Every structure is written in C-alpha cells, then in structure tokens.
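Visitor: Quick one: this structure, given as structure tokens, is what I'll be asking you about.
The values are calculated or read from the model by the stated rules, or taken from the named source; none is laboratory data. Only a predicted model underlies this, so the values are computations on that prediction, with no experimental measurement involved. For neighbour counting, all protein chains shown are included, and Cβ atoms are generated from backbone atoms with ideal geometry for every residue, glycine included. To get the accessible areas, we keep the full protein, side chains included, count just its heavy atoms, and leave off ligands, DNA and RNA. Shrake-Rupley method; radii C 1.70, N 1.55, O 1.52, S 1.80 Å.
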Amino acid sequence: MIFDSHAHYDDKQFDEDREAVFAQLKEVGVERVVNISNGWDDMLRSLKLVEQYPFLYGTVGIHPCKVSDLNEERMSKLRELCHKEKIVAVGEIGLDYYWMSDPKEVQKEWFIRQLHLAKEEDLPVVIHSRDASQDTFDIMKREHAGTTGGVIHCYSGSLEMAREYVKLGYYLGIGGVVTFKNSKVLKRVAAEIPLEHIVVETDCPYLAPTPYRGKRNSSAYLPLVIEEIADLRGISTDEVEQVTYENACRLYHIQ
Ligand code: NI
C-alpha cells in the first residue's frame with residue numbers, strides 16, 4: 001500500500017479528469033493521500049475534496065508564497081478549520097526565498113504564527129523551504145517545532161541538515177526529484193537517512209519523476225520513486241512501500 005504524503009489534487013490541472021486519475025490510483029495501490037493546502041482559495045477547494053473522497057486527508061495553512069492571503073480574521077478561521085474531520089496537519093508553511101513573493105520578515109512572521117497555531121492545536125506541520133534552509137531550521141529550533149513534529153516536504157538540503165531534522169524527530173518528504181540524474185545530494189540523503197524518517201510524496205501536479213519529468217504528476221507515478229529509493233538503499237520495493245506507508249500514518253496521526 002502506498003501513501004502519498006503531499007499532493008495538490010485541487011489544482012486546476014486535474015479539473016478535466018480528476019475522477020479518472022483517482023480511479024487509476026487504486027490500481028497501483030495508492031490507499032491514502034494527504035491533499036496539502038496552498039493559498040486561501042486553494043485551501044477551500046481542497047477541503048471540499050477531502051469531504052468528498054474517503055481516501056483523501058487534508059491540511060490547513062498558507063504557503064510562504066501566498067502569505068499575503070492572511071490576516072487576523074483568517075488566522076482565527078484557520079484555527080476553527082483545524083478541528084474539521086480528516087484535517088491532519090498545518091501546512092504547507094515555511095519560507096521561500098526563491099520566488100520571494102513577500103519580504104523575508106513578512107514570511108518569517110506568518111511562518112512563526114502558523115507554527116504556534118500547530119502547537120496550540122496539537123497538529124504536526126508540513127514545511128516548505130526553498131533557498132531558505134538555514135533560516136527555516138533556525139526558526140524551527142527556536143520555536144521548538146520538535147514538539148509538534150512534522151515533515152520537511154520535497155527535501156532539498158544537505159545530508160548534515162537532514163540529520164539535524166531527524167534529530168528533531170522530523171520526517172523528510174522525498175518525491176520525483178530523487179529520480180533525476182543530477183540529484184546527487186538528495187540521492188545520498190535517500191540512501192543514508194534512516195528509512196523510518198522517510199515519507200514519499202508527489203507534490204502533484206508538479207515534479208513528475210523520470211521518465212515523465214515535466215509532465216503532469218500524479219500519485220500513480222509513486223512506484224517509480226519507491227523503486228529509486230529501494231535501489232539506492234539496496235532493499236526491496238516492498239520494504240520501502242510498507243515502511244513509508246507506516247511512517248506517513250505515524251506522521252499524520254492516522255490509525
Ligand atoms: Ni506542495
């Protein structure tokens with residue numbers, strides 16, 4: 001059984017054929033998917049899908065590139081939404097210095113506010129960090145983000161940093177990027193970090209694995225990611241599939 005720990009099925013790219021894609025997931029053994037919130041409107045669309053499909057779980061929270069969607073009123077609304085059924089985390093939240101849609105200080109402020117929300121609501125966090133590795137880690141350390149636990153989605157940092165996150169009790173989300181030829185550091189991370197701290201993810205519709213790189217991604221391509229991790233570690237795909245499934249259940253507190 002496969003658990004996609006990070007997807008965006010509310011994306012417009014699935015509007016035409018979402019039902020057909022979901023039917024395909026069952027065929028390749030994808031049993032559970034967490035649909036991750038992005039901007040405010042994306043989140044509302046995601047919550048509807050989560051209500052509609054039993055295999056989908058959801059998160060609430062605003063992506064670092066969309067923090068201009070946030071205000072005090074919406075922060076209170078986020079808190080309310082944390083109590084909805086099948087809401088398993090706060091995220092994705094964090095820092096993105098690549099797109100820099102908002103100044104660093106603004107991003108940091110909303111990141112910290114949402115980390116506090118997770119702590120108060122007793123939910124794990126889904127972290128997005130791009131070109132902001134040290135600042136993300138420093139804030140998490142200072143804010144005791146180890147208490148809630150969570151996942152560093154689409155992990156792209158160094159092996160040393162990966163080990164620090166493992167010490168904090170975090171999971172690393174690994175997806176299609178690990179299949180790319182030039183992903184040398186990530187391949188090492190996938191080979192050397194304890195398997196008990198790895199979850200697989202798509203971030204679909206983005207980041208499809210080789211040989212579908214550049215095409216629309218879906219959880220149906222996760223066997224390719226699982227195969228790559230198994231090869232890198234020299235273990236069976238069954239073991240990777242089973243352990244990462246259990247990890248994702250533990251991460252999101254799903255029975
Ligand atoms: Ni994402």
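Visitor: Go through the residues of segment 131-148 one by one and say whether even a single one is within 14 Å of the ligand (Cβ to nearest atom) and not charged (D, E, K, R). I'd like the intermediate steps shown before the answer.
Guide: Narrowing segment 131-148 to residues within 14 Å of the ligand (Cβ to nearest atom): none.
No, every residue in segment 131-148 fails to be within 14 Å of the ligand (Cβ to nearest atom) and not charged (D, E, K, R).
Visitor: Still on this structure, please answer the following. Here is a check on your reading of the model: is A190 open to solvent by less than 10 Å² (accessible area, probe 1.4 Å), closer than 25 Å to I93 by Cα and away from the ligand (no atom under 16 Å from the Cβ)?
Guide: Details: open to solvent by less than 10 Å² (accessible area, probe 1.4 Å): yes; closer than 25 Å to I93 by Cα: yes; away from the ligand (no atom under 16 Å from the Cβ): yes.
Yes; evaluated as a whole, the condition is true for this residue.
Visitor: Just give me the residues in segment 165-183 being assigned to a helix (DSSP H, G or I), of a type in the set (A, V, I, L, M, F, W, C) and open to solvent by less than 20 Å² (accessible area, probe 1.4 Å), in sequence order.
Guide: Within segment 165-183, the first condition is being assigned to a helix (DSSP H, G or I), and the residues that meet it are 165-167, 176-179.
Now restrict to residues that are of a type in the set (A, V, I, L, M, F, W, C): 166, 177-178.
Within segment 165-183, just V178 meets the criteria.
Visitor: Assuming R233 fulfils every condition listed in (1) within 24 Å of K184 (Cβ to Cβ); (2) open to solvent by less than 20 Å² (accessible area, probe 1.4 Å) apart from one, which condition is it?
Guide: (2)
Visitor: Still on this structure, please answer the following. Among the residues of segment 193-204, which ones are within 10 Å of the ligand (Cβ to nearest atom) and over 14 Å from Y155 (Cα atoms)? Even if it seems obvious, please write down each step before you answer.
Guide: Going through segment 193-204, the residues within 10 Å of the ligand (Cβ to nearest atom) turn out to be 201-204.
Hit for segment 193-204 is C204, nothing else.
Visitor: Taking segment 1-10 only, how many residues are part of a strand (DSSP E or B) and away from the ligand (no atom under 16 Å from the Cβ)?
Guide: Let us first name the residues in segment 1-10 that are part of a strand (DSSP E or B), namely 2-7.
Imposing the further condition that a residue be away from the ligand (no atom under 16 Å from the Cβ) reduces the set to 2.
Of the residues in segment 1-10, 1 are part of a strand (DSSP E or B) and away from the ligand (no atom under 16 Å from the Cβ).
Visitor: Let me ask something else. Given the residues W110, W99, which is the only one that is at negative phi and within 15 Å of the ligand (Cβ to nearest atom)?
Guide: On the way: W110 fails: within 15 Å of the ligand (Cβ to nearest atom).
Result: W99 is the single residue among W110, W99 that is at negative phi and within 15 Å of the ligand (Cβ to nearest atom).
Visitor: Same structure, new question: Only residues that are open to solvent by 30 Å² or more (accessible area, probe 1.4 Å) and touching a helix residue (DSSP H, G or I) at 6+ places or on another chain (Cβ under 7 Å): list them for segment 54-65, please.
Guide: Of everything in segment 54-65, just one residue is open to solvent by 30 Å² or more (accessible area, probe 1.4 Å) and touching a helix residue (DSSP H, G or I) at 6+ places or on another chain (Cβ under 7 Å), namely Y57.
Visitor: Here is a follow-up. Name the residue, out of L123, L95, that is within 19 Å of Y165 (Cα to Cα) and in contact with an Asp or Glu (Cβ under 9 Å, 6 or more places away or on another chain).
Guide: Values: L123 fails: in contact with an Asp or Glu (Cβ under 9 Å, 6 or more places away or on another chain).
L95 is the lone residue from the list that is within 19 Å of Y165 (Cα to Cα) and in contact with an Asp or Glu (Cβ under 9 Å, 6 or more places away or on another chain).
Visitor: In this structure, does A7 turn out to be without any contact (Cβ under 8 Å) to a residue 40 or more places away in the chain and either of a type outside the set (V, I, T) or surrounded by 17 or more Cβ atoms within 10 Å (Cβ to Cβ) (or both)?
Guide: Details: without any contact (Cβ under 8 Å) to a residue 40 or more places away in the chain: no; either of a type outside the set (V, I, T) or surrounded by 17 or more Cβ atoms within 10 Å (Cβ to Cβ) (or both): yes.
In short, no.
Visitor: Further question on the same structure: Just to be sure before I move on: is L70 among the hydrophobic types (A, V, I, L, M, F, W, C), buried (at least 19 other Cβ atoms within 10 Å of the Cβ) and over 18 Å from the mean Cα position of the chain (by Cα) in the structure I sent? Before you say what the answer is, go through the steps one by one.
Guide: Values: among the hydrophobic types (A, V, I, L, M, F, W, C): yes; buried (at least 19 other Cβ atoms within 10 Å of the Cβ): yes; over 18 Å from the mean Cα position of the chain (by Cα): yes.
Spelling it out, L70 is indeed among the hydrophobic types (A, V, I, L, M, F, W, C), buried (at least 19 other Cβ atoms within 10 Å of the Cβ) and over 18 Å from the mean Cα position of the chain (by Cα).
Visitor: Give me the residue from segment 11-48 that is assigned to a loop (DSSP other than H, G, I, E, B) and open to solvent by 10 Å² or more (accessible area, probe 1.4 Å) and, out of that set, farthest from T202 (Cα to Cα). Don't jump to the end; show me each part of the working.
Guide: First, pick out the residues of segment 11-48 that are assigned to a loop (DSSP other than H, G, I, E, B): 11, 15-17, 29, 36-39.
Within this subset, residues satisfying the condition of being open to solvent by 10 Å² or more (accessible area, probe 1.4 Å) are 11, 15-17, 29, 38.
On the way: D11: 13, D15: 18, E16: 19, D17: 18, G29: 15, N38: 15 Å.
Of everything passing the filter in segment 11-48, E16 is farthest from T202 (Cα to Cα).
Visitor: So, one more: Go through segment 236-255 and count every residue that is under 27 Å from V125 (Cβ atoms) and open to solvent by 40 Å² or more (accessible area, probe 1.4 Å).
Guide: If we filter segment 236-255 for residues that are under 27 Å from V125 (Cβ atoms), which is where we start, we get 240-255.
Going one step further and asking which of them are open to solvent by 40 Å² or more (accessible area, probe 1.4 Å), we end up with 241-242, 246, 250, 253, 255.
Matching residues across segment 236-255 total 6.
Visitor: Considering only residues that are without any contact (Cβ under 8 Å) to a residue 12 or more places away in the chain, farther than 14 Å from A220 by Cα and either within 16 Å of the ligand (Cβ to nearest atom) or of a type outside the set (D, E) (or both), which ones fall in segment 11-40?
Guide: Within segment 11-40, K12 is the sole residue that qualifies.
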